[in-house]
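Beneath this line is the structure, given in structure tokens, with notes to follow.
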Amino acid sequence: MSDRILGIETSCDETAAAVVVRAQQVRSSVVASQIDQHARYGGVVPEIASRAHVEMLTPVIAQALVESGFADDEIDAVAATSGPGLVGSLLVGVSAAKALALVWDVPFVAVNHLEGHLYAAFLEEPDLDLPLVVLLVSGGHTMLVHMQDHGRYRLLGSTIDDAAGEAFDKVARYLGLGYPGGPLIDKLAKDGDPQAIAFPRGMIDRDDERRHDFSFSGLKTAVVNHVRRHPDVSTADVAASFQEAVVDVLVTKARRAAQEVGAKGLCLGGGVAANSALRERFVAACAEDGIRAFVPSRAMCTDNAAMIAAAGWWRLQSDGPSPLDTGATPNLRLPLAG
Ligand code: KG4
Ligand code: ZN
């Protein structure tokens, strides 16, 4: 059995490695953030990201192995994110994983980053029951996924413009808060009034075939227009009201989707799932609806390699190893059931 998996994640601006046993027991999870190197540019610079991954990956893997307590020859397989993400960054992780798999003579498994986010909750909730609905909210994606079985997904809805995290980052940049915006807005919103400004809730009342889709670009424009018209407005009130609008839409749509498909549980994943207001409202909504809420710890919501190792373990069970000529796929999509 290939149970001890070394996971590697380099799709964006975190260099991460982790050792996970049977997709459940996290023996180590090391994340080296490059935020400081990108912050002055207000966003991730792909060239800087690839170079930083090259520098950081070897020590990060070494640390993950040491902390796991396993020797090199006790690792059964190596999993790496092969997409979606920045091509140069992905290539660093995929190449390292294939090299280690060759040297150690163990299987290599290519992992879809989005599938990794879906599996983050499983690391902390071993008795998680399928089917369930997952709200996946990250910097690049906003999706409602019906997870029918392991590896079997149906996309209920997704964003038609900006991803939720992208909206946080753009609004934070406009407000001059810095990068990445999500955590900064989260913090500032605690000092503001979420009801101060009635920002629009994009697509919240749709009841047609697009009812599970999201749109955040109108909200972003509304924030910009409001601040232009009211230059003296409290930035904390803007942050809190903006966050309230995003959370309201996400939670309303997630619980509707769960009701519609009869899911017994709702699960949260992706970087935006680290948001305090979203976590609170999500748990409260599930309690009200009598369904289980699965909310991973913050460290498992944002990019990490433990979730990649976990998803890799499941992929290995279902599909076996990936060929060693697997490359990086920047626009890789979630594999959907027909
Ligand atoms: O999943 P992730 O780490 O990377 C991607 O796969 O995109 O998500 C990063 C996104 C960024 O947009 C960041 O601003 C957002 O997650 N984020 C948050 C919070 N922490 C991270 N958004 C809102 N509140 C937070 N506390
Ligand atoms: Zn991610």
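The values are calculated or read from the model by the stated rules, or taken from the named source; none is laboratory data. Just so you know, these numbers come straight off a predicted model, no measurement behind them. These area figures cover heavy atoms from the full protein model, side chains too; ligands, DNA and RNA do not enter into them. Shrake-Rupley method; radii C 1.70, N 1.55, O 1.52, S 1.80 Å.
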Worksheet item: Rounded to the nearest 5, what is the percent of antiparallel bridges among the DSSP beta bridges in the chain?
Response: 60
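Do me a favour and compute the ellipsoid semi-axes for the range 244-338 from its Cα gyration tensor, root of five times each eigenvalue, largest one first, whole Å.
30, 16, 13
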Worksheet item: For the range 58-158, what number results from the quotient of the Cα radius of gyration and 2.2 N^0.38 Å?
Response: 1.24
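Take the cross-link list Lys220/Lys253; Lys170/Lys190; Lys190/Lys253; Lys98/Lys220; Lys190/Lys220; Lys98/Lys170 and give me the ones stretching past 30 Å between alpha-carbons. Write down the numbers at each step before the final one.
Numbers: Lys220/Lys253 19 Å; Lys170/Lys190 19 Å; Lys190/Lys253 24 Å; Lys98/Lys220 41 Å; Lys190/Lys220 20 Å; Lys98/Lys170 36 Å.
With Cα atoms farther than 30 Å apart: Lys98/Lys220; Lys98/Lys170.
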Item to complete: Percent of Cα-Cα pairs per 5 Å bin, from 0 to the last occupied bin, for the range 101-189, please list those.
Response: 3, 12, 17, 16, 15, 14, 11, 8, 4, 1, 0
Worksheet entry | 222 nm mean residue ellipticity, helices alone, for the chain (DSSP H n ≥ 4; -39,500 (n - 2.57); rounded to 500) | -14000 deg cm²/dmol
Worksheet, complete the sentence: Carbon/sulfur accessible area of the range 125-266, % of total, 1.4 Å probe, equals 46
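Averaged per residue, what accessible surface does the chain expose to a 1.4 Å probe, in Å²?
Working: 14070 Å² over 338 residues.
Dividing the accessible area of the chain by its residue count gives 42 Å².
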Worksheet item: Out of residues 5 or more away from Leu132 or on other chains, whose amide H comes under 5 Å of its own, with H placed 1.01 Å from N in the peptide plane?
Response: Met147
Worksheet item: Which three lengths, in whole Å and largest first, does the range 106-253 cover when its Cα atoms are put on their principal axes?
Response: 58, 40, 25
Discussion item. Please list, ordered by chain and number, the residues whose modelled amide H lies under 5 Å from the amide H of Val109; skip anything fewer than 5 residues away on the same chain.
Written reply: Val78, Ala79, Ala80, Ser322
Worksheet, complete the sentence: Measuring from the longest principal axis of the C-alpha atoms of the chain, the long axis of helix 217-229 (C-alpha) lies at a number of degrees, nearest 10, equal to 50
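Provide Rg over Rh for the range 42-116; use the alpha carbon set for both Rg and the Kirkwood Rh (inverse mean inverse pair distance).
Across the range 42-116, the Cα-based Rg/Rh ratio is 0.99.
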Worksheet, complete the sentence: Dividing the mean separation of Cα pairs under 8 Å (6+ apart) by the residue count of the chain yields a relative contact order in percent of 25
Discussion item. On C-alpha positions alone, give me the angle between the axis of helix 164-174 and the longest principal axis of the chain, in degrees, nearest 10.
Written reply: 60
Worksheet item: Which residue, Asp169, Asp213, Asp205, tops the fluctuation ranking in a GNM of the chain built on C-alpha contacts under 10 Å?
Response: Asp205
Practice prompt. In a Gaussian network model over the chain where Cα atoms closer than 10 Å are linked, find which of Ser138, Ser215, Ser33 has the largest mean-square fluctuation.
Written response: Ser33
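Could you tell me the relative contact order of the range 164-311? Use alpha-carbon pairs under 8 Å, at least six residues apart, and round to a whole percent. Intermediate values should be presented prior to the final figure.
On the way: 202 pairs, mean separation 34.3, N = 148.
23 percent.
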Worksheet item: What are the semi-axes of the equivalent ellipsoid of the range 166-251, taken as the square roots of 5 times the eigenvalues of the Cα gyration tensor, listed largest first and rounded to whole Å?
Response: 22, 13, 12
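Under the Kirkwood approximation applied to all pairs of distinct alpha-carbon atoms, what is the hydrodynamic radius of the range 4-132 in Å? Walk me through the intermediate numbers first.
On the way: mean 1/r = 0.0668 Å⁻¹.
Every distinct Cα pair counted, the radius reaches 15.0 Å.
Return the tail of the calculated pair distribution for the chain, meaning the percent of Cα-Cα pairs more than 32 Å apart. Before the final figure, lay out each step's value.
Working: 16394 of 56953 pairs.
That tail contains 29 percent of the Cα-Cα pairs.
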Fill in: Fraction of beta bridges assigned by DSSP in the range 1-110 that are antiparallel (%, nearest 5)
65
